[in-house]
Amino acid sequence: MPFGLSLRAVGRRYWKAKGRFVSAQPSRALSITCRGKSISREEVFRYTNGRFLMDENHAFLRRYVKFDLDQLCAVAASAGGQNSPVNAIEKMEGGFSKALLLRKEDGSEIIAKIPFPIAGPPKYTTAAEVAVLQYLHAHTQIPVPKVLAWSSDPSNPVGAEYIIMEKASGIQLFKRWGEMTDYDQFCLVKQLTRLEGELAALRFPASGSLYPCESMGQNDTYVTLDRETDPSGRFCIGPSCERGWDIQAKTVSSHSQLDQGPWPSLSSFGIALAERELARIEQNPTTAMSDPPRGSFEEQIAVLKMARDVMLRLDSDTLIDKVSQPVLWHTDLHMGNIYVSDEDVTKIVSIIDWQSIVISPLFLQARFPEFLSVDEDYALGTEIPKLPKDYDQMDEEDKKLADYKLQEAKMAKTYELSSGSQNKQAYKALFIPSFLRELFTRCGEASEEGIVPLRACLIELSTEWAEIGFTGQCPFIFSDEDIRKHDQEFEKYRDFHKIQELARKLLDTDSEGWIAPQLDFSLKQQQNEELLRDVMRRSHEYNKSPEEVQRIWPFLDRSKTKTHSQ
């Protein structure tokens, strides 16, 4: 295994300009704004892109990043070859990183991106995003921003890991989608499948994250790419940068040797998932009575060991082995991450936000893009979506809804069938039974969500063992009593998540209770309280008592618990 270059040496190469260290830019030159209003330097470091309905201080802390703003501007001033001071900063933020739009005196604009602590290990998060952008820019036709400068070493003069890149050209898709014709939308979706076909055609030797070889330290495990995939010899695959593999943040040092990648086979990846969750549960046992329902400590360990037994057998010639080659894939393609041309809205000119994008087995990666809505009753295959048979008997409102759902289904079908011609392997991966994908997803979240959904996958897998292609007997058997008990626990699990999903949907938020800055936060707090009271009144619909609903409500202000229960 080749040794990587030291991170400190890597960092230094970005601080010298013509043999001299770059000096910080004077602070008086800067105008700093956020959403059209002037802000202080401290507000640059704090998270201000919304509020949270629960644990707000903790949510803010996980998104706080302090760094030397003048040093960042000094690096940006010479980035891209044109030495021009930064005179204005517009602060932007996402859920996992801080982005600053830097405007220079010569009129050019570039983006500086700094990961939040919540994003995962910042060294890996930063270097992996750089590698993906650089690799795609050099070896594909996929339009991505060009990296101008970066460092994954926090000891650099900026004091934080960062990426400076070109500003994406064009305009975000969500600003044009509603005014596009059906034909234009179809053309854009087809272009997207062609670009994804390029991704699927890339051949990688392992699952993990893509990195510049120079970013890997002596203690990092990594494998280099072959010359056909990477003629320059600049890139390698190393540990996964996904947040779930941030082992040090969630387990004690005795488990620090857990396999974080790269994984040369599907089996080694699956085994590592199971081992990781076993370690976390052994470190932090959670009672069987906790929410969501998760089974006893002994049951959690037993089910994860069953999953590990399955993972051990995955390198044989099975149904999923045929679509398990490691691929790079953008798994968060919403309309804000896709930029189209101002002159031709069917032309994708940039795809952004490759943070935490990894190389993983194809059947776990291939999916419909986020901006294409796919209902549970959507049917894969060549049958063209149609209006409901009782459409003529519907009232006007129901007809409008049916028309909308038909248009959504047609667009999804366009994506599906275009993938069939442009990206055959990914198309085949869409047909893999969902419980086989869920086996990995549910295994990877067992320490947080419990083992009830994972056990559901294993029960289904045990009945389809031979059809999947496994040889020999399934290594575990579920009795009728086991299944009866599981069905009861799964019903409780489902009812728990019905309440969680209802709260998120009606409050238009996520699992942290994030509220967009444009919305009235006080009003959302009031709506949250009213919704809780309403669901408590209807608790029987969820097979819960009012007290149980209150206990599991995702956005409960504990200081007002007594008020709700009175």
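Data table
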| quantity | calculated |
| --- | --- |
| Residue in region 533-542 that is among the β-branched types (Val, Ile, Thr), over 22 Å from the mean Cα position of the chain (by Cα), in a helix (DSSP H, G or I) and over 27 Å from Ile118 (Cα atoms) present | yes |
| Tally, over region 379-413, of residues that are part of a loop (DSSP other than H, G, I, E, B), open to solvent by 40 Å² or more (accessible area, probe 1.4 Å) and touching a residue at least 12 places away in the same chain (Cβ under 8 Å) | 6 |
| Residue list for region 498-534, filter: polar (S, T, N, Q) and closer than 17 Å to Gly95 by Cβ | Thr509, Ser511, Gln518 |
| Which numbered condition Lys322 fails, given (1) open to solvent by less than 70 Å² (accessible area, probe 1.4 Å); (2) at pLDDT 85 or above | (1) |
| Any hit, region 192-205, residues being within 28 Å of Pro326 (Cα to Cα), assigned to a loop (DSSP other than H, G, I, E, B) and free of Cβ contacts under 8 Å to residues at least 40 places away in the same chain | no |
| Cβ pairs under 6 Å, 6+ apart, first in region 137-163 and closer than 14 Å to Lys123 by Cβ, second buried (at least 19 other Cβ atoms within 10 Å of the Cβ) and acidic (Asp, Glu) | Ser152/Glu161; Pro154/Glu161 |
| In region 51-66, the residues that are of a type outside the set (A, V, I, L, M), touching a Phe, Trp or Tyr at 6+ places or on another chain (Cβ under 9 Å) and over 13 Å from Phe96 (Cα atoms) | Arg51, Phe52, His58, Lys66 |
| Residue match in region 266-274 (condition: farther than 30 Å from Arg494 by Cβ, modelled with pLDDT of 90 or more and not basic (Lys, Arg)) | yes |
| Residue within region 283-293 that is open to solvent by 40 Å² or more (accessible area, probe 1.4 Å), more than 25 Å from the chain's Cα centre (by Cα) and closer than 30 Å to Ala412 by Cβ present | no |
| Yes/no for Lys428 being open to solvent by 40 Å² or more (accessible area, probe 1.4 Å) and either farther than 27 Å from Met306 by Cβ or within 25 Å of the chain's Cα centre (by Cα) (or both) | yes |
| Count of region 326-354 residues which are part of a loop (DSSP other than H, G, I, E, B) and within 20 Å of the chain's Cα centre (by Cα) | 12 |
| Within region 78-119, considering residues that are crowded, with 16+ Cβ neighbours inside 10 Å and among the acidic types (Asp, Glu), the one farthest from Ser152 (Cα to Cα) | Glu90 |
| Matching residues in region 460-490 - criterion: being of a type in the set (Phe, Trp, Tyr), farther than 15 Å from Leu319 by Cα and not in a helix (DSSP H, G or I) | Phe476, Phe478 |
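Table: residues versus (1) within 24 Å of Cys187 (Cα to Cα); (2) not basic (Lys, Arg).
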site: Glu383; (1), (2): yes, yes
site: Leu458; (1), (2): no, yes
site: Pro475; (1), (2): no, yes
site: Lys492; (1), (2): no, no
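The values are calculated or read from the model by the stated rules, or taken from the named source; none is laboratory data. Owing to the predicted nature of the structure, the values given are computational and were not obtained by experimental measurement. Cβ sites come from the backbone with ideal geometry, for glycine too, and all protein chains shown count toward neighbours. Accessible surface areas use protein heavy atoms only, side chains included; no ligands, DNA or RNA. Shrake-Rupley method; radii C 1.70, N 1.55, O 1.52, S 1.80 Å.
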